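K.L.:
Below: one structure in structure tokens.
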Amino acid sequence: MLNSEEYTLSYDGTFDGFLTCVFHSYEQKMSNVTFQRNQHVQQSLFGSTIEIITDLEKADRVWKGIKSKTSARGSLRVYTAFLSEQAQIEALLLNYIQQAFISVLPMDFDFANETVLKVSQIAKSVGREKHRMEAFVRFKLTTDGIYFANIEPDFDVLPLISKHFKSRYADQKWIIYDLKRNYGLYYDLKRVEMMQLALPDDYDPTKTKTDFFTNSEIEFQTLWQDYFESTNIASRKNMKLHVQHVPKRYWKYLSEKLR
Amino acid sequence: MTQISNSPKSIFMSFERIQEKLKILADAAKYDVSCASSGSKRSNINKGLGDATGMGICHSYTEDGRCVSLLKILLTNYCIFDCAYCVTRKSNDIKRAAFQVQEVVDLTINFYRRNYIEGLFLSSGIFKSADYTMERLVAVAKKLRLEENFNGYIHLKSIPGASDELMKEAGLYADRLSVNIEIPTKEGLKLLAPEKNREDFIKPMLKVKNEIIQYQSEKKIIKSTPTFAPAGQSTQMIIGASGESDQQIMWTSNYFYKKFNLKRVYYSGYIPISHDPRLPQIGTDVPMLRENRLYQTDWLMRFYGFEVHEILNNEHQNLDLDVDPKLGWALRNMAHFPVDVNKADKFMLARIPGLGMKSVHKILQARQFRNLNWDHLKLMGVALNRAKYFLVCDSRDFERRDLTGPQLKSIILQNTTSKYQNILSPQLNLFG
Ligand code: SF4
């Protein structure tokens with residue numbers, strides 16, 4: 001029998017936490033679930049709030065289940081959409097997972113299904129942000145010999161870009177720091193780890209001060225800016241198209257745009 | 001390795017001199033429109049620097065909306081030739097400069113480490129001789145690969161007339177090689193670059209093609225065979241400099257695709273740069289819309305299963321500017337329509353005007369679950385404003401009037417607010 005009482009599942013905001021919630025909703029046959037991330041706990045007016053403690057084993061079982069019912073792209077789509085941090089993304093994903101579990105064909109190709117469509121659209125915008133970050137990260141060489149970059153992505157894409165940067169910059173230490181979410185990735189020539197920095201209060205990500213960064217850093221930024229200017233063909237100028245490719249909100253991190 | 005020391009000194013002998021060279025030699029290289037950095041399979045080895053396995057990333061865009069993916073420079077803009085259409089031509093009164101091999105290596109590595117670029121695209125004016133020039137281009141690539149353990153993308157220009165030995169070496173270090181044929185017809189070439197002949201372009205291209213085939217077949221037997229120009233060859237043609245027709249351009253393009261297994265042909269609208277009476281005068285508009293139509297045709301040939309003569313032939317020597325070539329073809333071939341989206345094969349779906357390959361694949365997958373109607377198609381994001389006249393789906397609603405091509409064309413043109421006027425760049429969605 002389905003349990004139609006309203007439940008609010010409160011969890012830690014991680015993907016494993018979310019999967020643990022899915023596990024519980026199945027175990028208790030809950031049909032009416034909303035989610036809450038611990039950071040913003042509110043007492044709900046109706047129904048009861050249950051605090052879900054992240055359980056890696058349960059999360060893993062759910063994840064394996066999802067993988068067995070969808071293509072590799074389909075399961076990645078679930079994770080990617082989750083990173084959008086959108087309000088009520090959990091409920092949408094739960095719905096997606098429920099449908100996937102009962103579908104005979106792998107549901108991820110059913111593009112005329114509204115849930116599939118919504119999830120894949122959200123995953124697509126997160127994916128686009130991932131690609132933008134892979135393109136728009138600009139490292140600056142610090143006096144400690146670390147290549148350092150700031151980002152402020154619209155979605156929580158650091159987990160998605162880690163592999164790309166690790167395989168590309170295998171022989172240099174680097175940090176990519178998300179100023180919005182206040183955490184970063186640090187690669188120490190062996191592995192990538194999550195880290196938090198205490199940045200000075202007056203820290204300005206658009207400046208390259210020589211107390212942090214090398215002199216040659218400023219030279220290379222200058223050369224890059226020169227290069228960027230030289231590649232323009234005035235008779236073809238089309239700023240509308242330019243801004244479409246490089247939206248203005250990213251400009252402050254692009255050294256070629258800081259002149 | 002190339003960790004930069006912390007000394008306040010520049011890593012360059014003279015920073016100002018490098019700055020000036022970079023400005024001159026980037027400016028001279030910008031007319032080569034190729035920016036692709038995809039298609040290689042070179043991955044990071046021995047924890048070196050870089051990886052070229054991905055799709056190729058545009059790290060920035062120029063103000064005219066072109067992708068910036070590679071450090072695109074000339075090794076030098078000194079040249080012994082005098083091709084009329086080229087800014088670097090001998091008779092042009094411009095500042096000249098030349099990089100040293102090590103300078104190009106340093107710029108590439110340091111730009112790459114900062115995630116500015118996917119790699120290097122190195123071309124050159126021809127100084128002294130073809131071989132002398134080619135030798136230096138190869139030296140840069142060799143140094144990057146062997147001394148810097150660089151696994152990013154390298155595109156080298158094959159210098160027309162370079163020896164087979166040098167081309168062979170180039171292919172061992174470069175991901176892509178290209179020779180620009182520039183002028184689509186032999187007659188045009190004779191007029192604008194009388195010192196050059198087609199054979200000089202074709203020789204290195206043929207050598208590279210044969211080496212690629214040989215290396216690939218050896219690799220099937222011996223796994224450790226090194227890769228040879230894994231991202232293949234490309235070329236570029238200038239559009240609108242020598243009065244050629246679209247048919248001549250695309251048939252030449254088709255010939256090069258087939259005969260030399262080219263990966264890409266680029267079309268570059270001629271940008272007037274001289275007062276030479278043989279050429280369009282300064283101030284003439286760059287034919288950007290025509291350029292876009294040629295790219296669309298190129299796409300139709302490579303991904304949509306069209307043969308070049310279906311689109312361009314003796315009866316139809318130039319592309320329509322007011323409609324895209326797929327719509328143009330459909331309007332001339334109304335007998336093939338309407339297409340039933342629930343039954344048609346991929347080949348016919350791809351011919352429906354307005355439908356991109358992505359939509360085609362979505363339709364093929366989604367129709368396994370149910371018969372698709374207009375709502376489904378809309379939900380899937382299929383652009384229907386043009387397509388609706390050319391298809392039927394699971395609905396009683398469809399275009400019933402028996403319209404002729406010209407009638408339909410005028411209806412479509414009335415309904416689409418000259419969107420095409422803005423779509424001028426090859427980087428854009430070609431069939432959006
Ligand atoms: S040989 Fe090349 S660089 Fe020299 S003038 Fe001709 S096109 Fe320009």
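K.L.:
Out of the residues in the stretch B:180-201 that are more than 12 Å from the ligand (Cβ to nearest atom) and polar (S, T, N, Q), which is least open to solvent (accessible area, probe 1.4 Å)? Don't jump to the end; show me each part of the working.
P.N.:
Let us first name the residues in the stretch B:180-201 that are more than 12 Å from the ligand (Cβ to nearest atom), namely B:184-188, B:190-191, B:197-199.
Still in the list and also polar (S, T, N, Q): B:185, B:197.
Values: B:Thr185: 17, B:Asn197: 66 Å².
The qualifying residue least open to solvent (accessible area, probe 1.4 Å) is B:Thr185.
K.L.:
Checking B:Leu156 against (1) aliphatic (A, V, I, L, M); (2) assigned to a loop (DSSP other than H, G, I, E, B); (3) within 15 Å of the ligand (Cβ to nearest atom): exactly one of these is not met. Which one?
P.N.:
With (1) aliphatic (A, V, I, L, M); (2) assigned to a loop (DSSP other than H, G, I, E, B); (3) within 15 Å of the ligand (Cβ to nearest atom) applied to B:Leu156, the lone miss is (2).
K.L.:
Same structure, new question: Consider A:Tyr96 carefully, then state whether it is within 15 Å of A:Leu19 (Cβ to Cβ) and touching a residue at least 60 places away in the same chain (Cβ under 8 Å).
P.N.:
Numbers: within 15 Å of A:Leu19 (Cβ to Cβ): yes; touching a residue at least 60 places away in the same chain (Cβ under 8 Å): no.
No.
One line per residue, one yes/no per condition, for (1) at pLDDT below 95; (2) not in a loop (DSSP other than H, G, I, E, B):
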{"residue": "A:Asp144", "(1), (2)": "yes, no"}
{"residue": "A:Asp154", "(1), (2)": "yes, no"}
{"residue": "A:Gln172", "(1), (2)": "no, no"}
{"residue": "A:Ile176", "(1), (2)": "no, yes"}
{"residue": "A:Tyr186", "(1), (2)": "no, yes"}
{"residue": "A:Leu197", "(1), (2)": "yes, no"}
{"residue": "A:Asp201", "(1), (2)": "yes, no"}
{"residue": "A:Lys207", "(1), (2)": "yes, no"}
{"residue": "A:Asp211", "(1), (2)": "yes, no"}
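So that you can scan it fast, the table gives a plain yes or no per residue for (1) within 7 Å of chain B (Cβ to nearest Cβ); (2) of a type in the set (Ser, Thr, Tyr); (3) open to solvent by less than 70 Å² (accessible area, probe 1.4 Å):
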site	(1), (2), (3)
A:Arg191	no, no, no
A:Thr208	no, yes, yes
A:Asn215	yes, no, yes
A:Glu229	no, no, no
A:Ala234	no, no, no
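K.L.:
Residues in the stretch B:51-73 that are in a loop (DSSP other than H, G, I, E, B) and either open to solvent by less than 10 Å² (accessible area, probe 1.4 Å) or of a type outside the set (Gly, Ala, Ser) (or both): how many?
P.N.:
Keep residues of the stretch B:51-73 that are in a loop (DSSP other than H, G, I, E, B), which gives B:51-59, B:62-66, B:69.
Checking the rest, the ones that are also either open to solvent by less than 10 Å² (accessible area, probe 1.4 Å) or of a type outside the set (Gly, Ala, Ser) (or both) come to B:51-53, B:55, B:57-59, B:62-66, B:69.
Of the residues in the stretch B:51-73, 13 are in a loop (DSSP other than H, G, I, E, B) and either open to solvent by less than 10 Å² (accessible area, probe 1.4 Å) or of a type outside the set (Gly, Ala, Ser) (or both).
K.L.:
Answer yes if at least one residue in the stretch B:87-102 is away from the ligand (no atom under 16 Å from the Cβ), over 20 Å from B:Asp175 (Cβ atoms), assigned by TED's automatic domain parsing to the domain that holds B:Ile24 and surrounded by fewer than 22 Cβ atoms within 10 Å (Cβ to Cβ), and no otherwise. Even if it seems obvious, please write down each step before you answer.
P.N.:
Let us first name the residues in the stretch B:87-102 that are away from the ligand (no atom under 16 Å from the Cβ), namely B:100-102.
Keeping just the survivors that are over 20 Å from B:Asp175 (Cβ atoms) gives B:100, B:102.
With the extra rule that they be assigned by TED's automatic domain parsing to the domain that holds B:Ile24, the set shrinks to B:100, B:102.
Within this subset, residues satisfying the condition of being surrounded by fewer than 22 Cβ atoms within 10 Å (Cβ to Cβ) are B:100, B:102.
Looking for residues that are away from the ligand (no atom under 16 Å from the Cβ), over 20 Å from B:Asp175 (Cβ atoms), assigned by TED's automatic domain parsing to the domain that holds B:Ile24 and surrounded by fewer than 22 Cβ atoms within 10 Å (Cβ to Cβ), one finds at least one in the stretch B:87-102, hence yes.
K.L.:
Suppose we filter B:Val265, B:Val286 for residues that are in contact with a Lys or Arg (Cβ under 7 Å, 6 or more places away or on another chain), in the same structural domain as B:Glu211 (by TED's automatic domain parsing) and of a type in the set (Val, Ile, Thr); which single one remains? Lay out the reasoning, then the answer.
P.N.:
Details: B:Val265 fails: in contact with a Lys or Arg (Cβ under 7 Å, 6 or more places away or on another chain).
Result: B:Val286 is the single residue among B:Val265, B:Val286 that is in contact with a Lys or Arg (Cβ under 7 Å, 6 or more places away or on another chain), in the same structural domain as B:Glu211 (by TED's automatic domain parsing) and of a type in the set (Val, Ile, Thr).
K.L.:
Something else about it: Inside the stretch B:230-256, can you point out the residues that are hydrophobic (A, V, I, L, M, F, W, C) and either at pLDDT below 85 or part of a helix (DSSP H, G or I) (or both)?
P.N.:
B:Ile249, B:Met250, B:Trp251, B:Phe256
K.L.:
Can you tell which of B:Phe306, B:Phe260 is aromatic (Phe, Trp, Tyr), open to solvent by less than 40 Å² (accessible area, probe 1.4 Å) and within 30 Å of B:Arg89 (Cα to Cα)? Spell out how you get there, then give the answer.
P.N.:
Numbers: B:Phe306 fails: within 30 Å of B:Arg89 (Cα to Cα).
It is B:Phe260.
K.L.:
With the structure loaded, tell me whether B:Ile109 is in contact with an Asp or Glu (Cβ under 7 Å, 6 or more places away or on another chain) and either farther than 20 Å from B:Tyr266 by Cβ or hydrophobic (A, V, I, L, M, F, W, C) (or both) or whether it fails that test. Reasoning before the result, please.
P.N.:
Details: in contact with an Asp or Glu (Cβ under 7 Å, 6 or more places away or on another chain): yes; either farther than 20 Å from B:Tyr266 by Cβ or hydrophobic (A, V, I, L, M, F, W, C) (or both): yes.
Spelling it out, B:Ile109 is indeed in contact with an Asp or Glu (Cβ under 7 Å, 6 or more places away or on another chain) and either farther than 20 Å from B:Tyr266 by Cβ or hydrophobic (A, V, I, L, M, F, W, C) (or both).
K.L.:
Something else about it: Among the helices (runs of 4 or more DSSP H) contained in the stretch B:348-389, which hold 2 or more residues that are in contact with a Lys or Arg (Cβ under 9 Å, 6 or more places away or on another chain) and open to solvent by less than 60 Å² (accessible area, probe 1.4 Å)? Give the derivation first.
P.N.:
Details: elements: B:357-366, B:374-379, B:384-387.
The qualifying helices (runs of 4 or more DSSP H) are B:357-366, B:374-379.
K.L.:
Next up: Determine, yes or no, whether A:Gly74 is in a loop (DSSP other than H, G, I, E, B) and of a type outside the set (Asp, Glu). Give the derivation first.
P.N.:
Details: in a loop (DSSP other than H, G, I, E, B): no; of a type outside the set (Asp, Glu): yes.
No: the conditions fail for A:Gly74.
K.L.:
I need the full set of residues from the stretch B:325-374 which are in contact with a strand residue (DSSP E or B) (Cβ under 9 Å, 6 or more places away or on another chain), under 26 Å from A:Asn113 (Cβ atoms) and in contact (Cβ under 8 Å) with a residue 24 or more places away in the chain, in order please. Reasoning before the result, please.
P.N.:
The first filter runs over the stretch B:325-374 and keeps only residues in contact with a strand residue (DSSP E or B) (Cβ under 9 Å, 6 or more places away or on another chain), leaving B:328, B:332, B:337-342, B:344, B:348-349, B:351-352, B:355.
Subsequent filtering for residues that are under 26 Å from A:Asn113 (Cβ atoms) retains B:338-342, B:344, B:348-349, B:352, B:355.
Listed by number, the residues that qualify are B:Pro338, B:Val339, B:Asp340, B:Val341, B:Asn342, B:Ile352, B:Leu355.
K.L.:
Which of the residues spanning the stretch B:207-229 are outside any loop (DSSP other than H, G, I, E, B) and open to solvent by less than 60 Å² (accessible area, probe 1.4 Å)? If you could, list the steps in order and put the result at the bottom.
P.N.:
Let us first name the residues in the stretch B:207-229 that are outside any loop (DSSP other than H, G, I, E, B), namely B:207-221.
Residues satisfying the conditions are B:Lys207, B:Val208, B:Lys209, B:Glu211, B:Ile212, B:Tyr215, B:Ser217.
K.L.:
Do we find a residue being free of Cβ contacts under 8 Å to residues at least 60 places away in the same chain and within 16 Å of the ligand (Cβ to nearest atom) anywhere in the stretch B:49-56? Full working, then the answer.
P.N.:
Kept after step one, since they are free of Cβ contacts under 8 Å to residues at least 60 places away in the same chain, are these residues of the stretch B:49-56: B:53-55.
Next, only the ones that are within 16 Å of the ligand (Cβ to nearest atom) stay: none.
Checking the stretch B:49-56: not a single residue is free of Cβ contacts under 8 Å to residues at least 60 places away in the same chain and within 16 Å of the ligand (Cβ to nearest atom).
K.L.:
Check B:Gln407, B:Gln365, B:Gln414 and return the single one that is more than 14 Å from chain A (Cβ to nearest Cβ) and either modelled with pLDDT of 85 or more or more than 28 Å from B:Asn292 (Cβ to Cβ) (or both). Give the steps one after another, and end with the answer.
P.N.:
Details: B:Gln365 fails: more than 14 Å from chain A (Cβ to nearest Cβ); B:Gln414 fails: either modelled with pLDDT of 85 or more or more than 28 Å from B:Asn292 (Cβ to Cβ) (or both).
After applying the criteria, what remains is B:Gln407.
K.L.:
How many residues, within the stretch A:241-254, are more than 7 Å from every other protein chain (Cβ to nearest Cβ) and in a helix (DSSP H, G or I)?
P.N.:
Filtering the stretch A:241-254 down to residues more than 7 Å from every other protein chain (Cβ to nearest Cβ) leaves A:243-244, A:247-253.
From the residues that got through so far, the ones that are in a helix (DSSP H, G or I) too are A:243-244, A:248-253.
Number satisfying all stated conditions: 8.
K.L.:
Kindly indicate whether A:Val119 is over 29 Å from A:Leu223 (Cα atoms) and either more than 10 Å from chain B (Cβ to nearest Cβ) or in contact with a strand residue (DSSP E or B) (Cβ under 8 Å, 6 or more places away or on another chain) (or both). If you could, list the steps in order and put the result at the bottom.
P.N.:
Details: over 29 Å from A:Leu223 (Cα atoms): yes; either more than 10 Å from chain B (Cβ to nearest Cβ) or in contact with a strand residue (DSSP E or B) (Cβ under 8 Å, 6 or more places away or on another chain) (or both): yes.
It is true that A:Val119 is over 29 Å from A:Leu223 (Cα atoms) and either more than 10 Å from chain B (Cβ to nearest Cβ) or in contact with a strand residue (DSSP E or B) (Cβ under 8 Å, 6 or more places away or on another chain) (or both).
The values are calculated or read from the model by the stated rules, or taken from the named source; none is laboratory data. The model shown is predicted, which means the values in this text are computed figures rather than measured ones. Positions of Cβ are backbone-derived with ideal geometry, glycine not excepted, and every protein chain shown enters the neighbour counts. Protein only, heavy atoms only, side chains kept; ligands, DNA and RNA dropped before computing areas. Shrake-Rupley method; radii C 1.70, N 1.55, O 1.52, S 1.80 Å.
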